[in-house]
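Here the structure is laid out as structure tokens; the discussion comes afterwards.
Each reported figure results from applying straightforward, stated rules to the coordinates on display, with no laboratory input. All figures in this text were calculated on a predicted structure; none of them were measured in a lab. Heads up, the Cβs are rebuilt from the backbone with ideal geometry, glycines too, and the neighbour counts pull from every protein chain shown.
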Amino acid sequence: MKELDLLTIGAGGAAYPAAFRLAKAGAQVLMVDPKGVMSGNCLYEGCVPSKAVRETAELAQAQQRFQKLGLSGETRVDYAAVVAHKDAIQARRYAQHAEELAAVANLTLVKGVARLLDPHTVQVEGEQGEERYHCRNIIIASGSDVFVPPLPGAELALTSHDLYKPDPTLKTLPEHLIVVGGGYIGLETASFFAALGSRVTLLQKGDQLLAGMDPEMVALLLPLLSPRISILTGVDVQAIEKSTGNKRSLRYLRDGQEQVLEGDAVLLAVGRRPILPEGAAAIGIAADRHGISVGTSLQTRYPHIYACGDVNGRVPLFHAAVRQSLVAAHNILGGNQACDYADFRNVPTTIFTLPAAAYIGITPALAAKEGRTLVSASYAFAEDSRAQILERMEGEIRLFFEPGSLRLLGAWVVGIDAGNLIGQIGTAIVGGHTAYDLARFADQHPMSAEGIGKAARSLL
Ligand code: ADP
């Protein structure tokens with residue numbers, strides 16, 4: 001049996017940062033992933049390809065806004081070209097990752113599926129057959145997968161996988177797209193397709209869209225979304241059926257009434273589920289619907305077995321997975337005595353709708369749950385020079401401080417540059433900055449980040 005210092009189950013964001021860190025420290029490392037490439041679902045069907053589509057959609061939207069400059073008002077884009085752009089970025093990044101991997105000695109990636117036989121033995125079923133490894137340390141980084149509900153006709157619908165994987169199933173722009181699910185994937189996709197020229201109907205089971213996020217932030221965002229998106233809440237989807245041509249019809253109940261909606265495509269976006277590798281439950285590493293339970297050191301019940309990324313469900317975002325992977329690496333280097341810890345709270349999160357909303361840390365809804373009071377300060381993009389230049393004056397930056405110390409604890413941004421601004425605010429939070437620190441930093445004019453200092457100055 002081959003000996004390894006570290007085996008990672010998966011080669012996504014939760015796996016490879018640790019794999020590189022340990023290999024550079026001289027460890028023998030193997031990553032196992034059925035895709036046979038690094039980056040997991042983020043590059044395959046997640047963050048990167050979806051944002052490749054988003055940015056083209058935002059350009060289409062900008063073109064609409066700036067017809068006064070003589071640009072054509074045509075909003076329907078050539079979706080095949082959008083897909084080609086997305087595929088090219090994926091191919092480029094896969095090639096880049098292959099080069100990064102080739103540059104590191106004692107680190108190998110095997111195309112295959114890993115199974116735990118006991119707490120130190122992993123069996124890998126790959127193209128060359130079966131191989132067993134004795135592993136001093138293991139990182140379970142098997143990620144998550146789209147949840148497809150047991151709905152009659154679910155196979156007639158698309159998932160985010162079909163939209164964003166390389167050479168995707170959807171290659172033409174649907175005239176009418178039906179989106180089932182009002183989480184961030186459903187809302188983002190609705191937003192992209194509306195900007196690209198589709199009419200979109202989004203159906204949500206309960207009343208709250210973006211459930212789990214601060215309701216006040218959500219209430220600021222929703223009215224800013226494209227009027228091409230119709231949102232129906234309180235919908236209980238019954239079945240999806242084939243309709244005339246290549247269309248789909250969706251049967252649903254609302255207020256006790258059965259209704260039928262016809263569309264060119266149906267997207268099911270009702271959540272993701274963690275993937276537990278085979279054999280994990282047998283050695284006592286079980287997962288519930290959210291994932292494998294871990295604390296901030298990322299260790300499971302076995303100090304040498306870590307569960308990082310989507311598989312633990314704590315913060316299922318790529319950048320959170322990367323940080324968790326490095327925490328695991330540091331703890332392995334520390335002899336599996338915890339010496340580094342993940343911060344699950346201060347992770348920037350962006351809903352990449354058009355416009356976007358982003359948040360971090362403690363916002364009022366969470367503060368209320370914890371019985372804390374916050375001091376808030378805001379800056380409206382209506383006053384912002386960059387927002388005015390771009391004719392995108394909707395939304396705001398809102399900052400939340402600890403009373404007394406005025407230490408920055410959280411924020412949201414709805415509107416322009418939300419995804420970038422929340423990162424800048426995040427570094428201030430983890431740096432322990434206060435309203436005084438933010439107020440005395442002369443940020444650039446005319447950039448939207450100057451709103452951060454302006455919001456802080458409004459308190460002083
Ligand atoms: P994360 O961001 O947490 O790394 P991803 O979903 O991006 O999550 O990546 C997880 C990767 O793990 C995926 O590429 C998936 O195919 C892979 N994977 C899932 N189950 C196994 C398994 N049993 N063995 C090896 N790789 C696995």
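Search the structure for amide H atoms under 5 Å from the amide H of A239, placed 1.01 Å from N in the peptide plane, and list their residues when 5 or more places away or on another chain.
Counting only residues 5 or more places away or on other chains, the set is R251.
Give the distance, in whole Å, between the Cα centre of the range 163-189 and the Cα centre of the range 428-460.
37 Å
Per-residue HN-Hα couplings for the range 244-250, Karplus 6.51 cos²θ - 1.76 cosθ + 1.60 at θ = phi - 60°, whole Hz, x for Gly and Pro?
4, x, 9, 7, 10, 10, 10
Stokes-Einstein at 37 °C, 0.692 mPa s, Kirkwood radius from Cα pairs: D for the range 148-270 in µm² s⁻¹?
Values: Rh = 14.6 Å.
Value of D from the Cα-based Kirkwood radius: 224 µm²/s.
Given H placed on each backbone N at 1.01 Å, which residues far from L354 in sequence or on other chains put an amide H within less than 5 Å of it?
none
Could you put S378, S297, S191 in order, starting from the residue whose Cβ has the fewest other Cβ atoms within 10 Å?
Arranged by neighbour count, lowest to highest, S378, S297, S191 become S378, S297, S191.
So what is the orientation-averaged projected area of the chain, using the convex hull of its C-alpha atoms, in nm²? Working shown, then result.
On the way: hull surface 98.1 nm².
Over all viewing directions, the chain projects a mean Cα-hull area of 24.5 nm².
Quick check: residue separation of Q259 and E99 times 0.36 nm, minus the Cα distance between them. What number comes out in nm?
The Q259-E99 span can extend by a further 52.3 nm.
Quick one: which residues, 5+ away or cross-chain, put their amide H under 5 Å from the amide H of L409? H built at 1.01 Å from N.
F400, F401, E402
Given the peptides 41-49, 53-61, arrange them by the average over their residues of other C-beta atoms within 10 Å, most packed first.
Ranking, from highest mean packing down: 41-49, 53-61.
Quick check: residue separation of A239 and R289 times 0.36 nm, minus the Cα distance between them. What number comes out in nm?
Between A239 and R289, full extension yields an extra 15.6 nm.
Got a sec to turn the phi values of the range 130-143 into Karplus ³J(HN,Hα) couplings, 6.51 cos²θ - 1.76 cosθ + 1.60 with θ = phi - 60°, whole Hz, x for Gly and Pro?
9, 9, 10, 10, 9, 10, 5, 9, 9, 10, 7, 9, 7, x
Run the simple label-point estimate for E3 and Q444 please: 7 Å along Cα→C-beta, distance reported in nm.
For E3 paired with Q444, the spin-label model returns 5.3 nm.
Compute the relative contact order of the chain as a whole-number percentage, counting only Cα pairs closer than 8 Å that sit 6 or more residues apart in sequence.
Relative CO of the chain lands at 14 percent.
Provide the per-residue ³J(HN,Hα) series for the range 52-62, in order, calculated from phi with Karplus coefficients 6.51, -1.76, 1.60 and θ = phi - 60°, each as a whole number of Hz, with x at glycine and proline positions.
Values, residue by residue: 4, 5, 4, 5, 5, 5, 5, 5, 4, 5, 5 Hz.
What aspartates and glutamates does K242 reach when the alpha-carbon gap must be under 14 Å and sequence neighbours fewer than 8 apart in one chain are set aside?
Partners found: E155, E262, D264.
Principal axes first, then extents: for the Cα atoms of the range 355-457, list largest minus smallest coordinate on each axis, whole Å, largest first.
Computed over the range 355-457, the largest-to-smallest principal extents equal 40, 27, 19 Å.
Any idea how far apart A368 and Y436 come out in nm if each label point goes 7 Å out from Cα toward Cβ?
3.2 nm
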